[in-house]
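Beneath this line is the structure, given in structure tokens, with notes to follow.
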Amino acid sequence: MQKFSLELLFHIIGIGSASGLFYDGSALFLISDNSHILYEYNIADKSLSKHPLVNKEYTGPLENIPKPDKADYEAIAVKGSDMYLFGSGSAPGRNLIAHINYKTKEVFPHIDATDLYLAMQSFGNIDAENFNIEAAVNDGDTWYLFQRGNGPVKQNAVFTLNGTIEDTYFQILHNSYRLPKINGERAGFTDAVKVGNTLYFITAAEKSSSTYHDGEVAGSLIGTIDIETMKIGFTKVISESKKFEGITLFKETATELQFLLCEDTDSDSGASDIYLLKIPKGK
């Protein structure tokens with residue numbers, strides 16, 4: 001692969017523990033794994049808006065939710081104007097999918113993914129201790145859910161689901177992957193985005209064997225999967241010190257793809273750094 005570039009683009013005050021993002025051409029939408037908020041960052045005027053993902057009857061905290069109680073939203077998938085935020089499934093209480101129209105901000109009832117996640121665990125031969133959904137991509141009636149291999153047996157996988165998400169009724173296909181190591185630690189999927197017929201994914205490596213507890217960061221890489229063959233095209237380490245958990249397409253030219261990445265520092269900081277990653281197109 002030819003040379004890539006990575007630079008800090010935005011420092012957003014008011015959101016910590018960023019775990020996913022989506023760029024719609026003018027605004028940047030972000031989620032945090034310890035909040036019930038959809039964050040909207042207006043790039044032009046550098047302002048941040050907060051949109052609750054729960055109804056008015058909810059009386060619990062919206063932000064900085066304690067780890068045992070958080071919904072752990074780790075993945076964003078967008079279908080039209082509908083945005084779906086997937087809980088990781090890594091612990092009880094993390095099996096919900098939030099649903100919001102990101103244009104009108106209308107909030108719909110949460111979708112209970114418990115049965116779907118159990119079916120995926122059975123189909124992929126992944127036990128509860130290793131199950132951890134960290135990325136979601138929509139392509140019409142097809143959904144790609146990425147299993148992060150940061151549990152004891154490092155099971156990285158992509159589930160291809162065909163069906164209707166509101167009913168959580170799908171035909172399921174499963175592909176497992178052995179990703180490279182970074183600084184001696186096995187990488188695990190953290191997010192993905194579809195560009196053309198290719199899934200561009202990012203991973204992080206940590207010195208930990210738990211889907212629940214964070215570990216010392218060993219680095220991040222980017223790679224591709226061809227959606228026809230579901231085979232990996234390339235992987236490239238982009239940082240040996242940062243844990244990137246979100247990726248979205250920012251700009252596309254004839255020769256280059258530009259992505260925005262969000263970093264999760266696993267800290268209580270109320271700020272998030274957004275990076276610009278440029279890579280040669282078709283590589």
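The values are calculated or read from the model by the stated rules, or taken from the named source; none is laboratory data. Remember, it's a predicted structure, so these values are computed and weren't measured experimentally. Here the Cβ positions follow ideal geometry from the backbone for every residue, glycine too, while neighbour counts run over all protein chains shown. Heads up: the accessible areas ignore ligands, DNA and RNA and are worked out on the full protein's heavy atoms, side chains in. Shrake-Rupley method; radii C 1.70, N 1.55, O 1.52, S 1.80 Å.
Between LYS56 and ASN183, 0.36 nm times their residue separation minus their Cα-Cα distance comes to what?
Additional length available on full extension: 41.1 nm.
By a straight-distance test (C-alpha under 12 Å), which aspartates and glutamates pair with LYS236 as possible cross-link partners, with residues fewer than eight away in the same chain excluded?
Within the straight-line cut-off, LYS236 pairs with nothing.
Could you calculate the FRET efficiency of ALA128 with VAL153 from 1/(1 + (r/R0)^6), where r is the beta carbon distance between them and R0 is 22 Å, rounded to 0.05?
That pair, ALA128 with VAL153, gives E of 0.95.
If packing is taken as the average number of other Cβ atoms within 10 Å across a peptide's residues, how do 6-19, 142-155 rank, most packed first?
Ranking, from highest mean packing down: 142-155, 6-19.
Computed over the Cα atoms of the chain, what is the ratio Rg over Rh, Rh following Kirkwood?
On the Cα set of the chain, Rg over Rh gives 0.93.
Rolling a 1.4 Å sphere over the protein heavy atoms, what is the accessible area per residue of the chain, to the nearest Å²?
Computed with neighbouring chains in place, this is 43 Å² per residue.
In whole percent, and with a 1.4 Å probe on the protein chains, what portion of the accessible area of the chain is carbon and sulfur?
46
What chymotrypsin sites (Phe, Trp or Tyr not before Pro) in the range 30-109 are in a loop by DSSP, with at most 12 other Cβ atoms within 10 Å of the Cβ?
For chymotrypsin sites (Phe, Trp or Tyr not before Pro) across the range 30-109 that sit outside H, G, I, E and B with at most 12 neighbouring Cβ atoms in 10 Å, the list reads TYR58.
Could you report the accessible area of HIS174 in Å², rounded to 10, computed with a 1.4 Å probe on the protein chains as they sit in the structure?
Result for HIS174: roughly 60 Å² accessible.
Considering only the other residues whose Cβ falls under 13 Å of the Cβ of LYS194, what net charge follows from Lys and Arg at +1 and Asp and Glu at -1?
Net of charged neighbours comes to -4.
Round to the nearest 0.05 the FRET efficiency obtained for ASP141 and GLN121 when R0 = 25 Å and r is the Cβ-Cβ distance.
With R0 = 25 Å, the Cβ-Cβ based efficiency is 0.65.
Applying a 10 Å radius around every beta-carbon, put 182-188, 131-137, 193-199, 252-258 in order of their mean neighbour count, most first.
Going from most to least packed, we get 131-137, 182-188, 193-199, 252-258.
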